[in-house]
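Here, each number is a calculation from the coordinates, and none is a lab measurement. Remember, it's a predicted structure, so these values are computed and weren't measured experimentally. Heads up, the Cβs are rebuilt from the backbone with ideal geometry, glycines too, and the neighbour counts pull from every protein chain shown.
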Amino acid sequence: MKRAIYIVLFVVFGTLLQFLAHALLEMGMISLLLADFERYGLGLSWSQWYAVHRMLSLALLVAGVTLGYRGGVYWWQAIYVEQRYKQWKWWPKKTSLRPRV
């Protein structure tokens, strides 16, 4: 159950990052198109740009979900199965919580 929640949260994280990338890409492209449509329009009409937008939106969503899933599986393996964090030099060593007398 813990593994499933971990991977689902990574998928959500990948989707959120995809929305951020999509927004930044779209804001930049729309500002270029509004500034000089003849130069940056690549010979496409606004309706064709809308079709490009829908295809790229779907591609970005699929990429975000896929990368989120793969990231979740990778980090689950690295952290919980292989416990690689124990080899990291900057990771604090486990200490006893007993007070010294």
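Work out, step by step, the length gained on full extension between Leu16 and Ala4: first 0.36 nm times the residue separation, then minus their alpha carbon distance; give nm to one decimal.
Working: separation 12, 0.36 × 12 = 4.32 nm, distance 1.83 nm.
Separation in residues times 0.36 nm, less the Cα-Cα distance, equals 2.5 nm.
Determine the relative contact order of the chain: mean sequence separation of Cα pairs under 8 Å and six or more apart, normalised by residue count, in whole percent.
Values: 50 pairs, mean separation 49.2, N = 101.
Value for the chain: 49 percent.
Based on the Cβ-Cβ distance from Tyr69 to Ala35, what FRET efficiency comes out when R0 is 25 Å, to the nearest 0.05? It would help to have the intermediate numbers written out before the result.
Values: r = 38 Å, r/R0 = 1.51.
Computed FRET efficiency for Tyr69 and Ala35: 0.10.
Using the alpha-carbon atoms, what tilt in degrees (0 to 90, nearest 10) does helix 2-35 show relative to the longest principal axis of the chain?
With rounding to tens, the tilt is 30 degrees.
If the viscosity is 1.567 mPa s and the temperature 4 °C, what Stokes-Einstein diffusion coefficient in µm²/s follows for the chain when Rh is the Kirkwood radius over Cα pairs?
Details: Rh = 17.2 Å.
Result for D is 75 µm²/s.
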